[in-house]
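These notes are about the structure you will find just below.
The values are calculated or read from the model by the stated rules, or taken from the named source; none is laboratory data. These numbers come from a predicted model, not from an experiment. Neighbour counts run over all protein chains shown; Cβ positions are idealised from the backbone, glycine included.
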Amino acid sequence: MATVLAKPSSATRLCTLCAGLKTRRCGTCKGWVLEDTGSPVTAVYDPVEYSQKHALDAFIAGIRPTRIQPLTGGMSTLMTVWTPAALTADCRYLLPHECAAERAETTSSDPE
Ligand SMILES: [Zn+2]
């Protein structure tokens, strides 16, 4: 098991956009994930920006998407989506990391 997948460029870009967002490897599936260290409860996302349509599908399936909300000045902030009306086409969305091995419910993580 020496396979090391390259860190997705989208993940690196998102980390420069969103304060508190960091990349790390999932302890279970070893894939790259995004961790929101700025929120009280650590959230772990897949390092992929999803479209409105995909986020809506997830919402309907009971998964709560996170909106990448652009701020003035070029930065972005992450906002939890509570209603489908908040899923607008002008934004991209993150979805919780759904681990291949087990559902990611990490409360502890290894800081890099
Ligand atoms: Zn995982």
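Just a few scattered comments:
- Extreme residue, nearest to the chain's Cα centre (by Cα), among residues of region 44-65 that are buried (at least 19 other Cβ atoms within 10 Å of the Cβ) and of a type in the set (Ser, Thr, Tyr): Tyr45
- Which numbered condition Lys7 misses (of (1) in a loop (DSSP other than H, G, I, E, B); (2) within 16 Å of Leu78 (Cβ to Cβ)): (2)
- Of all residues in region 10-19 being surrounded by fewer than 16 Cβ atoms within 10 Å (Cβ to Cβ) and without any contact (Cβ under 8 Å) to a residue 24 or more places away in the chain, the one that is farthest from the ligand (Cβ to nearest atom): Thr16
Here's the yes/no breakdown for (1) within 16 Å of the ligand (Cβ to nearest atom); (2) of a type outside the set (Val, Ile, Thr); (3) modelled with pLDDT of 90 or more:
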site	(1), (2), (3)
Pro8	yes, yes, no
Val48	yes, no, yes
Gln52	no, yes, yes
Ala61	no, yes, yes
Thr66	no, no, yes
Gln69	no, yes, yes
Gly73	no, yes, yes
Val81	no, no, yes
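- Residue check for Ala58: closer than 18 Å to Ala100 by Cβ, in contact with a Pro (Cβ under 9 Å, 6 or more places away or on another chain) and aliphatic (A, V, I, L, M): yes
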